[in-house]
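Notes follow the structure.
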Amino acid sequence: MAARSAIVIGAGMGGLTAALRLARAGVAVRVIEARTGPGGLAAGFELEGLPFDAGPYILLDRPGLEWAFRAVGLELHEHVPLQRIEDIYEVLTPDGTRVRFGADLEATAGAFDRQWPGSGPRYVHYVNDVAKIYQRLEPLQRISRPGLWDLLRSGGWRHIPFLLRSLNSVLARAGLPPHLCDALAIWTHIAGQRVEHAPSPLAFVPALFHGVGAFYPTGGIGRIPTVLAAAAQRAGVVFDYGVKVTAIRRQGGRAAIVQTDRGETHTTNAVVSNAAGVGTYLDLLESPAPALRTRLEKLPLQSPGVIAYLAVKGAIAPPYLRFYLPGGDERCRCLVTPAVLEPNVQNDGWYPARLIVPMDHTRAQAVGPEGQREYLDRIVAEPWWREHVQEHRVLATRTPTQWGSDYHLYRDSMNPVMTAEFMRAGRLAHRSAEVPGLYLTGSATHPGQWVSFCAISGVLAAERLLQDVR
Ligand SMILES: Cc1cc2nc3c(=O)[nH]c(=O)nc-3n(C[C@H](O)[C@H](O)[C@H](O)COP(=O)(O)OP(=O)(O)OC[C@H]3O[C@@H](n4cnc5c(N)ncnc54)[C@H](O)[C@@H]3O)c2cc1C
């Protein structure tokens with residue numbers, strides 16, 4: 001049976017690569033997107049003449065994004081000029097300690113050694129060790145739900161003990177000073193996750209930024225979905241923007257009918273959902289199986305946190321990212337300064353910056369919109385991020401409730417939290433085991449929620465669909 005047609009719900013990173021991959025294979029694809037443009041959480045926008053990315057700020061996995069682009073017939077570097085970030089991030093703590101990471105491994109380790117004698121060579125050793133594991137496991141990111149056979153074939157089986165550990169346990173074995181361990185775990189802290197629950201592959205991040213590098217696309221991350229949407233349109237994909245899917249209905253047991261808030265009914269051979277994975281099952285499908293409902297409802301969710309979009313004046317001082325770890329139960333904070341990389345992006349001396357702070361999903365739900373706003377106001381009033389800022393204006397903010405309504409998120413969450421346990425159990429499958437004809441893409445389906453992973457997930461979902469109809 002050939003899939004003559006497919007409907008993709010959502011034009012986020014996963015929806016866009018899925019749509020393009022299917023269109024290239026000759027499938028007639030319609031993308032139905034509730035927002036007025038493509039990109040979802042990875043989209044960019046403008047405020048008072050200054051460009052902003054809604055959420056994401058760094059590409060830590062350029063090879064993964066390149067792979068996804070190639071899989072949809074595009075060369076990333078031809079479409080998205082990428083800047084390697086040299087002075088990447090610094091982590092401040094209330095005791096005045098600063099831990100700073102640059103792309104250059106020797107220089108970064110040298111600075112650690114001066115701060116904590118003996119830590120430099122140990123850091124180099126740690127990075128080289130995780131880099132070797134990364135090399136072996138990296139290909140598994142491009143397989144839909146890798147199993148034992150994939151681990152055996154790739155040689156990844158040697159690293160099963162590593163995969164069974166949490167990030168905390170990997171860091172504990174490195175023999176590095178506690179401040180350095182906290183700074184290495186920052187990608188977990190900024191995701192609002194506890195290090196003891198975080199999966200070990202997060203340890204790969206320093207191997208990536210000291211190896212292939214960390215990148216920022218000139219013009220912002222939003223350039224990536226813009227390029228994909230334009231390519232999809234050229235490949236014949238039809239986009240319905242400003243239309244929300246309200247239900248996926250079955251015919252003969254298969255997902256075959258998509259209903260929208262415009263009262264339209266589309267009949268299709270297959271449905272690819274880039275809407276929230278859990279929400280697709282629980283909100284869009286009629287009567288999901290009770291066991292599935294119970295399993296999905298148990299998954300802890302990840303809040304997008306709070307964010308302030310700022311116009312600032314003052315010295316443009318690297319590094320690109322400044323994290324603050326207050327300690328105790330307080331969450332990490334991050335100041336993103338794109339002007340470090342694009343100093344010409346200014347308006348009348350004001351340049352764009354963002355304050356990004358995670359928030360626990362349960363807490364966000366408990367305190368509601370007002371409590372979320374108070375939390376954000378309290379953080380904006382903190383002094384740490386104004387070290388180089390003379391003046392600032394808050395141009396806009398987003399709380400979890402606003403993210404939820406602006407981006408059509410399931411219960412104001414980005415996806416289920418990526419814990420070590422959830423990674424081992426497997427994320428939501430690209431091909432639904434419960435509903436034939438339904439495929440899932442996006443951050444709920446891949447072992448990681450980065451833009452690159454979501455792009456890969458779209459390709460994998462499309463390939464599952466194409467395999468099924470071959
Ligand atoms: C604050 C923040 C910072 C981040 N930082 C980084 C970073 O530095 N680096 C990085 O790589 N990643 C980062 N991320 C993660 C990354 O942005 C996301 O994981 C990724 O963009 C999600 O892509 P997705 O394919 O899952 O789809 P989404 O972006 O969730 O898009 C789904 C789309 O589906 C649409 N939709 C939903 N329901 C319906 C419906 N019923 N009908 C029609 N359309 C619907 C939505 O409107 C949306 O456009 C960050 C995210 C946030 C929030």
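The values are calculated or read from the model by the stated rules, or taken from the named source; none is laboratory data. Everything quoted here is computed from the prediction, not taken from an experiment. Virtual Cβ from ideal backbone geometry, glycine too; neighbours counted across all protein chains shown.
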Response to the item:
When Thr399 is run through (1) at pLDDT 95 or above; (2) surrounded by 22 or more Cβ atoms within 10 Å (Cβ to Cβ); (3) farther than 20 Å from Ala308 by Cβ, the failure sits at (3)
Discussion item. Looking at Leu59 and the list (1) touching a helix residue (DSSP H, G or I) at 6+ places or on another chain (Cβ under 7 Å); (2) away from the ligand (no atom under 11 Å from the Cβ), which single condition is not satisfied?
Written reply: (2)
Item to complete: Would you check which residues across the stretch 262-281 are buried (at least 22 other Cβ atoms within 10 Å of the Cβ) and not β-branched (Val, Ile, Thr) and list them?
Response: Ala270, Ser273, Asn274, Ala275, Ala276, Gly277, Tyr281
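Name the residue, out of Leu22, Leu41, that is under 17 Å from the mean Cα position of the chain (by Cα), touching a residue at least 12 places away in the same chain (Cβ under 8 Å) and not in a loop (DSSP other than H, G, I, E, B). Explain how you work it out, then say what you get.
Numbers: Leu22 fails: under 17 Å from the mean Cα position of the chain (by Cα).
Testing whether each residue is under 17 Å from the mean Cα position of the chain (by Cα), touching a residue at least 12 places away in the same chain (Cβ under 8 Å) and not in a loop (DSSP other than H, G, I, E, B) leaves just Leu41.
Collect the residues in the stretch 45-65 that are assigned to a loop (DSSP other than H, G, I, E, B), charged (D, E, K, R) and more than 19 Å from the chain's Cα centre (by Cα), keeping them in residue-number order.
Going residue by residue through the stretch 45-65, those that are assigned to a loop (DSSP other than H, G, I, E, B) are 48-49, 54-58, 60-61.
Now drop any that are not charged (D, E, K, R), which leaves 48, 61.
Across the stretch 45-65, the qualifying residue is only Glu48.
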Worksheet item: Just a yes or no: is a residue in the stretch 403-421 under 22 Å from Gly147 (Cβ atoms), in contact (Cβ under 8 Å) with a residue 40 or more places away in the chain, buried (at least 19 other Cβ atoms within 10 Å of the Cβ) and among the aromatic types (Phe, Trp, Tyr)?
Response: no
Response to the item:
So, first residue under 13 Å from Ser200 (Cα atoms) in the stretch 125-144, second residue among the β-branched types (Val, Ile, Thr), Cβ within less than 8 Å, six or more apart or across chains; the pairs are Val130/Val170
Fill in: Scan of the stretch 123-149 for residues that are part of a helix (DSSP H, G or I) and either in the same structural domain as Cys454 (by TED's automatic domain parsing) or of a type in the set (Ser, Thr, Tyr) (or both), ordered by number
Tyr123, Tyr126, Tyr134
Discussion item. Residue under question is Ala11, and the condition is that it be in contact with a Pro (Cβ under 8 Å, 6 or more places away or on another chain) and buried (at least 24 other Cβ atoms within 10 Å of the Cβ); does it hold?
Written reply: yes
Worksheet, complete the sentence: For the stretch 378-396 the number of residues that are under 20 Å from Pro94 (Cβ atoms) and surrounded by 13 or more Cβ atoms within 10 Å (Cβ to Cβ) is 8
Worksheet item: Could you give every pair whose Cβ atoms fall below 7 Å, whose first residue belongs to the stretch 436-451 and is at positive phi, and whose second residue is more than 10 Å from the ligand (Cβ to nearest atom) and not in a loop (DSSP other than H, G, I, E, B), counting only separations of at least 6 or pairs across chains?
Response: Gly437/Arg254; Gly437/Ala255; Gly437/Ala256; Gly437/Ala270; Gly437/Val271
Practice prompt. Within the stretch 273-280, identify whether any single residue is within 13 Å of the ligand (Cβ to nearest atom), in contact with a Phe, Trp or Tyr (Cβ under 6 Å, 6 or more places away or on another chain), at negative phi and in a loop (DSSP other than H, G, I, E, B), and answer yes or no.
Written response: yes
Discussion item. Looking at Glu370 and the list (1) loosely packed, with under 15 Cβ neighbours inside 10 Å; (2) within 10 Å of the ligand (Cβ to nearest atom); (3) not hydroxyl-bearing (Ser, Thr, Tyr), which single condition is not satisfied?
Written reply: (2)
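Step by step: first the residues of the stretch 397-456, then only those that are part of a helix (DSSP H, G or I) and among the acidic types (Asp, Glu), then the one that is nearest to the ligand (Cβ to nearest atom). Which residue is that? Reasoning before the result, please.
Looking only at the stretch 397-456, we keep the residues that are part of a helix (DSSP H, G or I), and these are 400-407, 420-425, 451-456.
From what's left, among the acidic types (Asp, Glu): 406, 421.
Details: Asp406: 8, Glu421: 20 Å.
Going through the qualifying residues, I end up with Asp406.
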Practice prompt. Report those strands (runs of 3 or more DSSP E) wholly inside the stretch 283-355 carrying at least 2 residues which are at pLDDT 90 or above and more than 13 Å from the ligand (Cβ to nearest atom).
Written response: 306-314, 321-324
Response to the item:
Expected single match for in contact (Cβ under 8 Å) with a residue 12 or more places away in the chain and not hydrophobic (A, V, I, L, M, F, W, C) among Gly156, Gly147 is Gly156
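Would you check if Arg234 is more than 29 Å from Glu138 (Cα to Cα), within 13 Å of the ligand (Cβ to nearest atom) and not β-branched (Val, Ile, Thr)?
No: the conditions fail for Arg234.
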Practice prompt. Could you figure out which of (1) under 24 Å from Ser413 (Cα atoms); (2) surrounded by fewer than 17 Cβ atoms within 10 Å (Cβ to Cβ) isn't true of Leu284?
Written response: (2)
Discussion item. Consider the stretch 9-39. How many of its residues are in contact with an Asp or Glu (Cβ under 9 Å, 6 or more places away or on another chain), within 11 Å of the ligand (Cβ to nearest atom) and not small (Gly, Ala, Ser)?
Written reply: 5
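I'd like the full set of residues that are within 15 Å of the ligand (Cβ to nearest atom) and not aliphatic (A, V, I, L, M), limited to the stretch 457-470.
Ser457, Gly458
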Worksheet item: Condition test on Ala42, is it aliphatic (A, V, I, L, M), more than 6 Å from the ligand (Cβ to nearest atom) and modelled with pLDDT of 95 or more?
Response: no
Worksheet item: If you take just the strands (runs of 3 or more DSSP E) that sit entirely in the stretch 150-261, which of them hold at least 3 residues that are crowded, with 17+ Cβ neighbours inside 10 Å and of a type in the set (A, V, I, L, M)?
Response: 254-260
